[in-house]
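The values are calculated or read from the model by the stated rules, or taken from the named source; none is laboratory data. For clarity, every value in this text was computed on a predicted model and none was experimentally measured. Quick reminder, even Gly has a Cβ in these numbers, built from the backbone with ideal geometry, and neighbours come from all protein chains shown. Each accessible area value is taken on the protein alone, full model and side chains, heavy atoms only, with ligands, DNA and RNA left out. Shrake-Rupley method; radii C 1.70, N 1.55, O 1.52, S 1.80 Å.
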Amino acid sequence: MSHTPTHPKLSEITQRIIDRSQKTRAKYLAKIHAAKQQGRLERNQLGCSNLAHGYASMPKSIKIEMLQETVPNLGIITAYNDMVSAHQPFKDFPDWIKNEVRKNDATAQVAGGTPAMCDGITQGYAGMELSLFSRDVIAMSTAVGMSHQMFDGGLYLGVCDKIVPGLMIGALAFGHVPAVFLPAGPMASGISNKDKARTRQLFAEGKVGRDALLESEMGSYHSPGTCTFYGTANSNQMMMEMMGVHLPAAAFVYPYTDLREALTRYGAAHLAQGIRNGTAMPLGEMLTEKSFINALIGLMATGGSTNHTMHLVAMARAAGVILNWDDFDEISSIIPLLIRVYPNGKADVNHFAAAGGLPFVIRELLDAGLLHDDVDTVVGRGMRHYTQEPFLIDGKLEWREAPTESGNSDILRKIDNPFSPDGGLRLMQGNIGRGVIKVSAIREGCRVIEAPAIVFNDQREVLEAFDRGELERDFVCVVRYQGPRANGMPELHKLTPPLGILQDRGFQVALLTDGRMSGASGKVPAAIHMTPEALMGGGIGKIRTGDLIRFDSITGELNVLINETEWAAREVGQIDLSDNQQGCGRELFANFRSMTSSAETGAMSFGGEFA
C-alpha cells in the first residue's frame with residue numbers, strides 16, 4: 001500500500017526530540033564508533049593468552065571453530081532463575097542457541113547472568129526498596145558479561161519490569177555490536193482478572209479469609225511464564241517489538257511450545273547470519289530517536305505501564321536520546337487507545353494476542369501516520385515487518401499478515417473506533433511539582449477531585465488508618481518520602497484495595513505520591529513519581545493534613561490551594577529514614593540512593609552523561 005504521511009504533530013514532537021538530543025546523540029555515536037573493530041570480529045583484538053582463557057571451558061570441537069577468525073561468537077546475557085515464573089523458561093535457551101548457531105557457522109557462550117527479582121513477591125516488603133535500582137545492577141552486570149570483548153553479537157534473555165530496561169542499558173553500552181532480544185512468553189490464562197480483583201477487595205474488607213485469597217492468587221499466577229496482566233513486564237515486551245529488537249510478534253507466544261523454541265533458534269541463527277554477511281547493524285546505530293519514540297507511541301496506544309515514564313527515559317538516555325514528560329504528555333494527546341487489557345479492562349495479554357495482538361496495533365498506527373516506519377530493525381528496514389505474526393508450518397517458521405479485523409472489539413479496536421481518543425497518560429503539574437497519571441482505567445466521574453489532604457510517610461500508615469476507620473471521607477491520600485533518593489522508590493500496590501474500597505463506597509479519593517504504582521495502576525486516580533521528591537525539597541514535602549488540593553486529571557492541574565506567599569514560606573517536613581536504610585540488603589544500595597537522578601530523568605544512578 002502507499003506510504004501514509006506522518007502525522008504533523010508527531011513530526012513536530014520528533015524533530016524537537018532530535019534537536020534536543022543532538023549533542024548527546026553525537027557523543028554516544030562517537031563512542032560506539034570508536035569501539036567498533038572495523039573489518040574485524042570483536043574478539044580478534046585480544047591477545048593469545050586472553051583468548052585462551054576465553055576458550056578454556058569450551059569443548060574441543062567448538063574451540064577449533066572459535067580459532068577461525070571468520071566465525072562469529074555470540075554472547076548470551078541471561079536473566080534465568082527458577083523463582084521468577086517469567087524467567088524460568090530461559091533455562092533451556094542457551095542450549096538451543098548454541099546448537100542452532102553451530103549449524104550457521106557460529107558459536108555462542110553464556111557471557112554472564114543478571115539478577116531478576118520479582119516485584120510481585122516483594123510488594124509491600126523491604127525487598128521492594130531494592131527493586132528500582134536492580135535495573136541499574138542489571139545494566140552493570142550486563143556490561144560485566146560483555147566486557148570480555150569475546151563477543152561479536154549479543155543475545156539478551158529477559159522479560160520483567162527492571163530486567164529488560166537494565167539489559168537494554170547494558171547492551172547500549174556495547175552498542176557497537178549487533179543484538180537480538182529473545183523473550184520467553186506469558187503463562188497460560190488462569191482465573192479471570194475480574195475474579196482476582198474481587199477476591200482481593202473482599203479480603204481487604206475482611207469478608208473472606210487468607211485461604212480464599214491464596215487460592216485465588218495461585219489460580220492467577222500458576223505456571224511458568226510472564227504474569228498475564230498488562231503491567232510493566234508485558235509493556236516491556238511491547239516496547240521491544242516497537243523498537244524492532246524482537247523478531248516480529250515474538251512477545252506473546254507461550255513458553256514450552258514448539259513455536260517458542262523455533263523463534264528462539266531462529267533469532268540466534270538470524271543474528272549469526274547477519275554478522276557473517278554484514279547485514280546485522282550495531283545496536284546503538286540501529287536504535288535512533290525514532291525507535292524510542294515508537295516505543296513511546298506503543299506505550300500510549302496500549303495503555304502501558306507508568307513505570308516506563310522512567311525506564312524508557314533511562315533506556316533512551318543510554319543511547320544519547322533525551323526524552324521528558326512533556327513528550328509523553330503530547331504524544332499521549334494524539335495517540336488513540338486501541339486495547340483494553342487488565343488493569344484497563346477485563347482481558348489478559350493472551351486474549352489480546354488472540355484478537356490480533358501487536359501486529360494489528362502496529363498496522364493501524366502505520367496506516368494512520370502515527371508510527372515511524374523509517375527505522376531499522378533486527379529483521380530489516382521498516383516497521384511493516386511487524387504487522388506479521390509467526391506460524392510453525394511443517395516444522396518451519398513463516399510469518400503471515402495479521403488479521404485486518406479484530407477478533408474481539410471489547411479487547412482490540414481499529415484506529416477509527418478507539419477506546420479513547422488519547423493514550424491516557426497525563427502530565428500533572430502545579431505548585432506541588434511534576435508527576436504523571438494513568439487515566440485509562442479511571443471512571444469519568446473520578447477524574448477531578450478537590451479535597452483535603454491526609455499526609456502519610458509510609459504506606460503502612462495508610463493501611464492502619466483504613467483499618468481504624470479513619471478514612472471514611474473525601475480526601476487526597478499523600479504518601480511522601482517514597483522517591484528514589486529517600487527509599488529507592490517502591491511500588492505502593494498495597495494501597496490499591498483500601499482506596500478502591502473507599503471509592504466504591506462513594507467517597508472522592510485520589511493518591512498523590514513521589515513513589516510508584518507501575519503498570520497495575522488501576523481505577524483510583526494516582527499522581528505518581530512526583531518530582532522533585534520530598535527528600536529533595538519537593539512541594540509534596542510541604543503538604544500538611546487538611547490542606548485543600550485541586551487534583552484535575554483532565555487539565556493536568558495539581559495544586560495545593562493556598563496563598564502563594566504562605567506556600568513559598570513553608571518548609572519541607574523532615575522525617576527519620578534510617579529504618580529504610582538497613583536490612584534486606586538495603587544498606588548495600590546507599591550509593592544508588594545518594595546518586596540517583598530524578599524520576600523524570602530516568603532515576604539513574606550512573607551520573608555523568610546519563611544524568
Across (1) outside any helix (DSSP H, G or I); (2) open to solvent by less than 20 Å² (accessible area, probe 1.4 Å); (3) more than 19 Å from Asn350 (Cβ to Cβ); (4) not aromatic (Phe, Trp, Tyr), Met281 clears everything bar (2)
When every residue in the range 553-589 that is among the small types (Gly, Ala, Ser) and farther than 23 Å from Arg485 by Cβ is compared, the one surrounded by the fewest Cβ atoms within 10 Å (Cβ to Cβ) is Ala569
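So that you can scan it fast, the table gives a plain yes or no per residue for (1) in contact (Cβ under 8 Å) with a residue 24 or more places away in the chain; (2) within 19 Å of Trp325 (Cβ to Cβ); (3) in contact with a Lys or Arg (Cβ under 6 Å, 6 or more places away or on another chain); (4) aromatic (Phe, Trp, Tyr):
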residue: Glu389; (1), (2), (3), (4): yes, no, no, no
residue: Ile393; (1), (2), (3), (4): no, no, no, no
residue: Glu398; (1), (2), (3), (4): no, no, no, no
residue: Pro403; (1), (2), (3), (4): yes, no, no, no
residue: Ser409; (1), (2), (3), (4): no, no, no, no
residue: Asp416; (1), (2), (3), (4): no, no, no, no
residue: Pro421; (1), (2), (3), (4): yes, no, no, no
residue: Met428; (1), (2), (3), (4): yes, yes, no, no
residue: Gly433; (1), (2), (3), (4): yes, yes, no, no
Ile18 passes all but one of the listed conditions (1) hydrophobic (A, V, I, L, M, F, W, C); (2) within 30 Å of Trp325 (Cβ to Cβ); (3) assigned by the TED database to the domain that holds Ala316; the exception is number (3)
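Conditions (1) over 31 Å from the mean Cα position of the chain (by Cα); (2) surrounded by fewer than 16 Cβ atoms within 10 Å (Cβ to Cβ); (3) in a helix (DSSP H, G or I), marked per residue:
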position	(1), (2), (3)
Leu29	no, no, yes
His33	no, yes, yes
Asn50	yes, yes, yes
Ile77	no, no, no
Trp96	no, no, yes
Asp105	yes, yes, no
Checked against (1) surrounded by fewer than 24 Cβ atoms within 10 Å (Cβ to Cβ); (2) closer than 19 Å to Ala318 by Cα, Ser189 satisfies every condition except (2)
Selection from the range 52-75 of residues in a helix (DSSP H, G or I) and touching a Ser or Thr at 6+ places or on another chain (Cβ under 6 Å) yields Ile62, Glu65, Met66
